[in-house]
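First the structure, in the form of structure tokens, and then the observations on it.
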Amino acid sequence: MKHLLWIYAAAVLWTQPVLAADDTLALVKARGYLQCGVSQGLPGFSNPDDKGGWQGIDIDLCKGVAAAIFGNADKVRFTPLSAKDRFTALQSGEIDVLARNTTWSLGRDTSLGVDFTAVNYYDGQGFMIRKDLSDGDGKAIKSVLQLNGATICTNQGTTTELNLADYFKSNNMTYEIVAYEKADEAIAAYNIERCDAYTTDQSALYAQRLKLTQPQAHIVLPEIISKEPLAPVVRQGDNQWSDVVRWTHFAMLNAEELGVSSDNVRAMRNSRNPSIRRLLGVDGRFGQALGLRKDWAYQIIQAVGNYGESFERNLGVNTPLKIKRGVNALWTNGGLQYAPPVR
Amino acid sequence: MDQWRSAICTPRSLSVFGEMVKRRALIQILLLASFLLAIGWLVSNVVANLQAQNISSGFGFLNERAGFGVAQSLIEYNEDSTYGRVLVVGLLNTLAVSIAGIILASLLGFVLGVARLSQNWIIAKLAAAYIEVFRNIPLLLQIFFLYFGVLRNLPSPRQSFALGEVVFLNNRGIVLPALVSGAGAVAYLIVALVAVAAAWILRKRALRIFRDTGQHVKFWTPLFGIITLSLLVAYSAVGLPFAWDIPVLKGFNYRGGVQMIPEFAALLLALSLYTAAFIAEIVRAGIASVSHGQSEAASALGLPAPISLRYVIIPQALRVIIPPLTSQYLNLTKNSSLAVAIAYPDIVSVFAGTSLSQVGQAVEIIFTTMMIYLALSLLTAYLMNRYNNHTALVGRNV
């Protein structure tokens, strides 16, 4: 991925002053497939499976976008990106959408030339330690506040490094950071006890814990030290394209709210509920207005299911990650996931 | 040249020659102008593209607060420092590992190169085996192996290997006692200055006597006396000048002393071991390039092998060794950017990595990093060329 920076530098140097990024949708349609930037392997979000395919909620979002455009969820190619290369890949046009568990922050939104679409996972930064870790007095560690002076492993080039610094500073604690380029090396170093603690988004902690020699010998501390709204990212200035990505997520949310799932979506086209009829493209011309096919949402739900299905399949309590819906439940169930209506 | 020119050029052809000079100058000017134009076009393109994409540009970010921690810093650094300071911290870390690596690799490479030519079969074959193994395995793999392989077998801080309760080895690195200057440091500084001044005066005197009378005057004995005497005076006045800062286990790790992080150790070792294999081959080639007659002549004169190596073979071999050696030094410095794989905070890791990701200004940051590596390489090459000129055969200047 290092080559990416060079390619980007070359692209910026040589291209005509206006980069052809204004109409991503037309570009994707002409190309015949969607180019989606994902992680280098984070279970639950974007992770290669044993058959060489990709699995995760970020993957489902990309497949959903492909289904909405082409009516075929397989017309998508994935580019694994490290944390520090991801924005460059998007800026340079290497990828059309970045669905890589990326935190939405003001700084990134304003200075990187990118737009965040919709939060597809509300996360927060947490810490993982060995169960038997004790502080200087031999007391077992139960809280991040006991980690004064600890060595902490993390991934380089993320908001994690900044949150860590802020949290320890505001609590008058010191720490030593060891920041690795790839999550795999960070977790490997934590595994051989290079660090006392490993910190990243809490969902990723559960995911990375599976890679340890003895996952059950480690616990995730209760504190969440930051807000990490993870959202798919597109290039700034292409509003139609950001609408397509944003409404792909919203369609999955609305489907869950309306009880439409991959199992019943075919039958639901005959539903009398006007909201469902509008969502599935039976009534109205919302698909065309987005620049997509009429049955865009139908295609999405048929391919990857509604948000709840995607969550349970990739992250939920029946997966090795065992993450509860929590704040990612629908607003009707007391969560934060809320989609504007299709009308 | 001038004589030759006037000899063959008639006045007529001279004017043609003048035309030619003008034409050449014109071509040069046009070439330069088009080159500058191309550069200007590229720069304006970059600026326009970045603006069109709403990406911030310029170097203003260097004065902004970085807000993240760095594992190893040779200068004062904390989360409130600026990106500019991150750049310096990263650069110093790169320099630290490169310079230490160059020294280690040169020493090891030299020994191996000589060993490979040894008459002793075992030594020669061992050196050959080392060289073939290390230069044929990708450096990144060696770094990973040294880092994860060694780290895995080290104990946690609370079970550290201790050497006399002052030096500790654990999976957080090596902790050594540090020297901190005490109250009487100034007195000792004066002693040191006096000793240097005395040494200089005594040496001048010895040289003068040698020039005037041809007699060797030993100036070490009085100098030694002066230093001992002034040290005694200083000690009786203020006591010891330095205190030892002994590391103590506190909380999760040792506090105090100086710490060498495992990332530095692994990277340094991997770079040195890898580059030493190449240097060994260069040294071998250099020695082999010295005609066999030279060592035969040396042994005919009765010089023992070590002396003949030191004063006859190596000075001649150096002429062949230095230029390719420079390339190896440049390679080592550039290879140090592999640090990013094992979290050693070199310039690529903290500046072209973390800072780039936070600021998002790829063009400025990558350009700066490239220029720094270019400057480092040119500086190394310049110093080595100076040394090369020094060792090269002094021919008659024509």
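Of note:
- Those helices (runs of 4 or more DSSP H) of the range B:281-398 in which at least 3 residues are within 30 Å of A:Gly113 (Cβ to Cβ), considering only elements entirely within it, cover B:356-359, B:362-391.
- The criterion of being within 14 Å of another protein chain (Cβ to nearest Cβ) and outside any helix (DSSP H, G or I) does not hold for B:Ser44.
- Any hit, the range A:207-217, residues being buried (at least 20 other Cβ atoms within 10 Å of the Cβ), aliphatic (A, V, I, L, M) and not assigned by TED's automatic domain parsing to the domain that holds A:Asn47: yes
- Residue that is nearest to the other protein chains (Cβ to nearest Cβ) [pool: residues in the range B:346-363 that are in contact (Cβ under 8 Å) with a residue 24 or more places away in the chain and closer than 26 Å to B:Ala265 by Cα]: B:Thr354
- One residue stands out among those in the range A:236-261 that are more than 14 Å from every other protein chain (Cβ to nearest Cβ) and of a type in the set (Ser, Thr, Tyr): the one that is surrounded by the fewest Cβ atoms within 10 Å (Cβ to Cβ), which is A:Ser261.
- Residue satisfying condition, being surrounded by fewer than 24 Cβ atoms within 10 Å (Cβ to Cβ), over 21 Å from A:Thr319 (Cα atoms), assigned by TED's automatic domain parsing to the domain that holds A:Arg235 and of a type in the set (Lys, Arg), within set A:Lys29, A:Lys51: A:Lys29
- Condition met for A:Leu98 (away from chain B (no Cβ under 12 Å) and either within 14 Å of the chain's Cα centre (by Cα) or of a type outside the set (A, V, I, L, M) (or both)): yes
- Listed by position, the helices (runs of 4 or more DSSP H) contained in the range A:213-291 that have at least 3 residues being at positive phi form an empty set.
- The range A:116-141, residues that are touching a helix residue (DSSP H, G or I) at 6+ places or on another chain (Cβ under 7 Å) and either of a type in the set (Asp, Glu) or within 14 Å of another protein chain (Cβ to nearest Cβ) (or both): A:Phe116, A:Asp123, A:Gln125, A:Phe127, A:Arg130, A:Asp135
- Scan of the range B:53-64 for residues that are surrounded by fewer than 16 Cβ atoms within 10 Å (Cβ to Cβ) and outside any loop (DSSP other than H, G, I, E, B), ordered by number: B:Gly60, B:Asn63
- Taken together, B:Ala280, B:Ala288, B:Ala339, B:Ala276 contain a single residue that is over 22 Å from B:Glu132 (Cβ atoms) and small (Gly, Ala, Ser), which is B:Ala339.
- Search result, residues across the range A:163-218 that are within 25 Å of B:Leu169 (Cα to Cα) and touching a Pro at 6+ places or on another chain (Cβ under 8 Å): A:Ala179, A:Arg194
- Residues being touching a residue at least 60 places away in the same chain (Cβ under 8 Å), part of a loop (DSSP other than H, G, I, E, B) and either more than 10 Å from chain A (Cβ to nearest Cβ) or over 22 Å from B:Leu269 (Cβ atoms) (or both) - total across the range B:65-96: 4
- A:Lys169, sole failed condition from (1) surrounded by 24 or more Cβ atoms within 10 Å (Cβ to Cβ); (2) facing chain B (nearest Cβ under 9 Å); (3) of a type outside the set (A, V, I, L, M, F, W, C): (1)
- Of the residues making up the range A:42-73, those that are within 12 Å of the chain's Cα centre (by Cα) and part of a loop (DSSP other than H, G, I, E, B) are A:Pro43, A:Gly44, A:Phe45, A:Gly56.
Results for (1) within 14 Å of another protein chain (Cβ to nearest Cβ); (2) acidic (Asp, Glu); (3) assigned to a helix (DSSP H, G or I), shown as yes or no for each residue.
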{"residue": "B:Leu146", "(1), (2), (3)": "yes, no, yes"}
{"residue": "B:Ala162", "(1), (2), (3)": "no, no, no"}
{"residue": "B:Ala197", "(1), (2), (3)": "no, no, yes"}
{"residue": "B:Trp200", "(1), (2), (3)": "no, no, yes"}
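This table checks each residue for (1) surrounded by fewer than 18 Cβ atoms within 10 Å (Cβ to Cβ); (2) touching a residue at least 40 places away in the same chain (Cβ under 8 Å); (3) more than 14 Å from chain A (Cβ to nearest Cβ); (4) out of contact with any Pro (no Cβ under 8 Å at 6 or more places or on another chain).
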position	(1), (2), (3), (4)
B:Ser295	yes, no, yes, yes
B:Val312	no, no, yes, yes
B:Thr326	no, yes, yes, yes
B:Asn331	yes, yes, yes, yes
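- Verdict on B:Asn389 being surrounded by fewer than 18 Cβ atoms within 10 Å (Cβ to Cβ) and among the polar types (S, T, N, Q): yes
- When B:Ile99, B:Ile122 are checked against the criterion of being in a helix (DSSP H, G or I), more than 27 Å from the chain's Cα centre (by Cα), surrounded by fewer than 19 Cβ atoms within 10 Å (Cβ to Cβ) and away from every other protein chain (no Cβ under 14 Å), B:Ile122 stands alone in meeting it.
Okay, residues lined up against (1) assigned to a helix (DSSP H, G or I); (2) touching a Ser or Thr at 6+ places or on another chain (Cβ under 8 Å); (3) within 14 Å of chain A (Cβ to nearest Cβ); (4) surrounded by 17 or more Cβ atoms within 10 Å (Cβ to Cβ):
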{"residue": "B:Phe224", "(1), (2), (3), (4)": "yes, no, no, no"}
{"residue": "B:Thr228", "(1), (2), (3), (4)": "yes, no, no, no"}
{"residue": "B:Leu232", "(1), (2), (3), (4)": "yes, no, no, no"}
{"residue": "B:Tyr235", "(1), (2), (3), (4)": "yes, no, no, no"}
{"residue": "B:Trp244", "(1), (2), (3), (4)": "no, no, no, no"}
{"residue": "B:Gln259", "(1), (2), (3), (4)": "no, no, yes, yes"}
{"residue": "B:Ala265", "(1), (2), (3), (4)": "yes, no, yes, yes"}
{"residue": "B:Ala270", "(1), (2), (3), (4)": "yes, no, no, yes"}
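- Extreme residue, farthest from the other protein chains (Cβ to nearest Cβ), among residues of the range A:180-192 that are among the charged types (D, E, K, R) and touching a residue at least 60 places away in the same chain (Cβ under 8 Å): A:Asp184
- Of the residues making up the range A:164-189, those that are assigned to a helix (DSSP H, G or I) and within 15 Å of A:Leu147 (Cα to Cα) number 7.
- So A:Asn148, is it over 28 Å from the mean Cα position of the chain (by Cα) and more than 10 Å from every other protein chain (Cβ to nearest Cβ): no
- Per-region count, the range B:346-367, residues among the aromatic types (Phe, Trp, Tyr) and more than 16 Å from B:Leu95 (Cβ to Cβ): 1
- No other residue among B:Val348, B:Val359 is modelled with pLDDT of 90 or more, aliphatic (A, V, I, L, M) and either under 24 Å from A:Ile177 (Cα atoms) or in the same structural domain as B:Lys125 (by TED's automatic domain parsing) (or both) apart from B:Val348.
- Count - residues of the range A:262-282 that are over 31 Å from the mean Cα position of the chain (by Cα) and either among the hydrophobic types (A, V, I, L, M, F, W, C) or surrounded by fewer than 14 Cβ atoms within 10 Å (Cβ to Cβ) (or both): 4
The values are calculated or read from the model by the stated rules, or taken from the named source; none is laboratory data. Source: prediction; values computed, not measured. Every residue, glycine among them, receives a Cβ derived from its backbone with ideal geometry; neighbour counts consider all protein chains shown.
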